[in-house]
Amino acid sequence: MPNLQDFWIKWSAVTNITGIQGLTNLRYFHLGSSTALRSIHPLAELTQLKWLGLENLKLVSTIDPIGSLTQLEGLTLQGSMWNNWKIRTLAPLSSLHNLRYLALAGLRSHDRTLAPLFALRNLETFIVAKWWDNEEVEEIRRRNPQLAA
């Protein structure tokens, strides 16, 4: 399906996503609850993506491949209703300067900091859980004055 532009998966039992690497026209990708997936590394090749949503990938602990998706305008990283998704760090997101929408619902990082997001300047929507440091949340808001109140 070389012309596929939008791919939405609600739930899956996939253990790898290498099959998406050939979808060169893909612009919008959502991978819902896929609790058997261990790596999102194939995403690194989808540099044309504009929007990405990842939900409840509880075995994935690193989001490094997302850092190469510099055309992203929207990104959602979320856990499930019952469990938080735990990753190492948000550092790969610091290179996503085109982001306008960022939602981190039910997501926690081992380093417990939002500081990598200080590099973002185009956010219009920022959704974050209450457990993140309030001073860091306010710093992100200060650096993105176009954020809705």
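The values are calculated or read from the model by the stated rules, or taken from the named source; none is laboratory data. Since this is a predicted model, take the numbers as computed values, not measurements. Note that we place each Cβ from the backbone using ideal geometry, even for glycine, and neighbour counts take in every protein chain shown. Remember, those area values only see protein heavy atoms, side chains included, never the ligands or the DNA or RNA. Shrake-Rupley method; radii C 1.70, N 1.55, O 1.52, S 1.80 Å.
Modelled label positions at ALA36 and ILE9, each set 7 Å beyond Cα in the direction of Cβ, lie 1.1 nm from each other. Karplus-derived 3J(HN,Hα) values for region 18-30, using 6.51 cos²θ - 1.76 cosθ + 1.60 with θ = phi - 60°, are 4, x, 7, 4, x, 8, 6, 9, 5, 10, 10, 9, 10 Hz; glycine and proline are entered as x.
Only one of the listed values, (1) 14.7, 46; (2) 17.7, 55; (3) 14.2, 41, was derived from the coordinates as Rg and Dmax of the Cα atoms in Å; which label is it? Label of the calculated value: (1). Values of log10 I(q)/I(0) for region 1-58 across q = 0.15, 0.18, 0.20, 0.28 Å⁻¹ run -0.38, -0.55, -0.69, -1.29, by the Debye formula with one identical scatterer at each alpha carbon and no solvent. Listed peptides 138-144, 87-93, 115-121 appear in the order 87-93, 115-121, 138-144 once ranked by packing, highest mean of other Cβ atoms within 10 Å at the front.
For the chain, the longest principal axis of the alpha carbon atoms and the long axis of helix 134-143 meet at an angle near 80°.
Each residue, LEU147 and VAL128, gets one label point 7 Å from its Cα in the Cβ direction; the gap between the two is 0.6 nm. For the chain, the carbon plus sulfur part of the accessible surface works out to 51%, probe radius 1.4 Å. Per residue, the accessible area of the chain comes to 52 Å² when a 1.4 Å probe rolls over the protein heavy atoms.
Potential lengthening of the chain between LEU59 and THR24 amounts to 10.0 nm, from the contour at 0.36 nm per residue minus the alpha-carbon distance.
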